[in-house]
Amino acid sequence: MNILEVKNLTKVYGEKEGNQHTALNNLSFTMEKGEFVAIMGASGSGKSTLLNAVSTLDVPTSGEIKIGGKSIANLSGRKLSDFRAKEIGFIFQEFNLLENLTVRENIALPLSLQNVKAANIKEAVDRVALILDIADLLDKYPEQLSGGQKQRTAAARALVHNPAIILGDEPTGALDSKNAHSMLDAMTEMNVNQGVSILMVTHDAMSASYANRLLLIKDGQVYKELNKGQNESNETFYQDILNVVAQLGQD
Ligand SMILES: Nc1ncnc2c1ncn2[C@@H]1O[C@H](COP(=O)(O)OP(=O)(O)OP(=O)(O)O)[C@@H](O)[C@H]1O
Ligand SMILES: [Mg+2]
């Protein structure tokens, strides 16, 4: 089953002729349920524009996006915000944690907003906190955490409500290498053991090597696709990625 279908997606910024910029140009791809897909491409190639459209935060100029078989263009207002809250988890580069809430309260937000029962919220928060190795930080406030711990808290919040898909725009962008690896390990764990589908934008080949598949975006289109082999290690996939990225620079 396809968790995500993006068909002929086009996004043109700017109203006036001459002032317009085509950020996405008839871009299409699909993603199967349970896949971990990375997106790379030069600065300005349209990666964030794509993610913002898929996340329903921005409206494309034309084309179609289906999540779990449902076309998101048909949703608006309350229906759209409910759909977003239920089906999508976001991890952004800025952690967007609320400073006056504890780690536990921050992680619980997607569920509190859906009026889930307190006992069920506690159970769900404890479960994701274990996966992300922050179980002993739940009563702290964001300012008391390291960058990596903040990022894992944001990841826990993205996961707590069992979304159909997790979207990450440079989720490791603000982390040092050690914390980036532990974040990517946690995402891999969610993907492999919880079956969560992940779509992640990154500029970093090392981060992309954790995914099963890489889409390279150029000029608002999918320029190249690279699959990790069945038994291929992250290390050799990383080498493959470096090779196609070098190629991309030459074309
Ligand atoms: N709100 C906007 N108004 C006008 N142009 C925009 C807007 N947002 C993005 N663009 C343009 O669209 C293109 C794609 O931008 P986008 O943010 O998707 O790139 P990106 O691939 O995410 O780049 P980066 O790696 O630097 O984050 C760029 O040329 C950018 O200048
Ligand atoms: Mg971007």
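Relative to the current alpha-carbon distance between Glu225 and Val116, full extension at 0.36 nm per residue lengthens the span by 35.2 nm.
What whole-number value in Å² describes the accessible area per residue of segment 1-102 for a 1.4 Å probe?
Numbers: 5460 Å² over 102 residues.
Result: 54 Å² per residue.
Note on Arg78 and Asn100: their simple-model spin labels are 2.8 nm apart, each label 7 Å out from Cα toward Cβ. With a threshold of 18 Å on the Cα-Cα distance, the over-threshold entries among Lys122/Lys178; Lys66/Lys86; Lys86/Lys140; Lys33/Lys70; Lys70/Lys224 are Lys122/Lys178; Lys86/Lys140; Lys70/Lys224. Could you tell me how far the Cα centroid of segment 122-147 sits from the Cα centroid of segment 35-85, in Å? With segment 35-85 and segment 122-147 each reduced to a Cα centre, they are spaced 28 Å. Dipole check for segment 39-85: with +1 at the C-beta of Lys and Arg, -1 at the C-beta of Asp and Glu, and the Cα centre as origin, the magnitude is about 140 Debye. Partner aspartates and glutamates whose Cα lies under 14 Å from the Cα of Lys47, excluding those fewer than 8 positions away in the same chain, are identified as Asp58, Asp169, Glu170, Asp204, Asp219.
By definition, a body whose alpha carbon gyration tensor gives a ≥ b ≥ c is prolate when a/c is 1.5 or more and a/b is larger than b/c, and segment 201-251 fits this prolate description. In the elastic network of the chain, a GNM with C-alpha springs shorter than 10 Å, the most mobile of Gln20, Gln194, Gln144 is Gln20. Hydrodynamic estimate: the Kirkwood radius of segment 142-251 over Cα pairs, inserted into Stokes-Einstein at 25 °C and 0.890 mPa s, corresponds to D of 164 µm²/s. By DSSP, the beta bridges lying fully in the chain are antiparallel in about 50 percent of cases.
Exposed loop sites here mean GluC sites (Glu not before Pro) with a DSSP loop assignment and at most 12 other beta-carbon atoms within 10 Å; the chain contains its longest site-free run at 100-251. Could you tell me which of rounded, prolate or oblate describes the chain, using a ≥ b ≥ c as the square roots of the eigenvalues of the alpha-carbon gyration tensor, with rounded for a/c under 1.5 and, failing that, prolate when a/b is larger than b/c and oblate otherwise? Oblate, since a/c reaches 1.5 and b/c is not below a/b.
Considering only protein heavy atoms and a 1.4 Å probe, what is the carbon-and-sulfur percentage of the accessible area of the chain? Walk me through the numbers before you get to the answer.
On the way: 5670 of 12370 Å².
Of the solvent-accessible surface of the chain, carbon and sulfur hold 46 percent.
Given R0 = 30 Å, the distance between the Cβ atoms of Asn8 and Gln247 translates into a calculated FRET efficiency of 0.70. May I ask for the angle, rounded to the nearest 10°, between helix 147-159 and the longest principal axis of the chain, with both axes built from Cα atoms and the value confined to 0 to 90°? Helix 147-159 and the main axis of the chain meet at about 90 degrees. When the chain is treated as a GNM with alpha-carbon contacts under 10 Å, the residue of Leu199, Leu215, Leu145 showing the greatest mean-square fluctuation is Leu145. On a per residue basis, segment 163-215 carries 31 Å² of accessible surface, using protein heavy atoms and a 1.4 Å probe.
Do the sum for the chain: with -39,500 (n - 2.57) for every DSSP H run of n ≥ 4, divided by all residues, what is the mean residue ellipticity at 222 nm, to the nearest 500 deg cm²/dmol? Can you show the working numbers first?
Details: 8 runs with 95 residues, N = 251.
One gets -11500 deg cm²/dmol as the mean residue ellipticity at 222 nm.
The values are calculated or read from the model by the stated rules, or taken from the named source; none is laboratory data. Please read all numbers here as calculations on a predicted model, not as lab measurements. As a convention, Cβ positions derive from the backbone with ideal geometry for all residues, glycine included, and neighbour counts pool all protein chains shown. Only protein heavy atoms, including side chains, enter the accessible area calculation; ligands, DNA and RNA are left aside. Shrake-Rupley method; radii C 1.70, N 1.55, O 1.52, S 1.80 Å.
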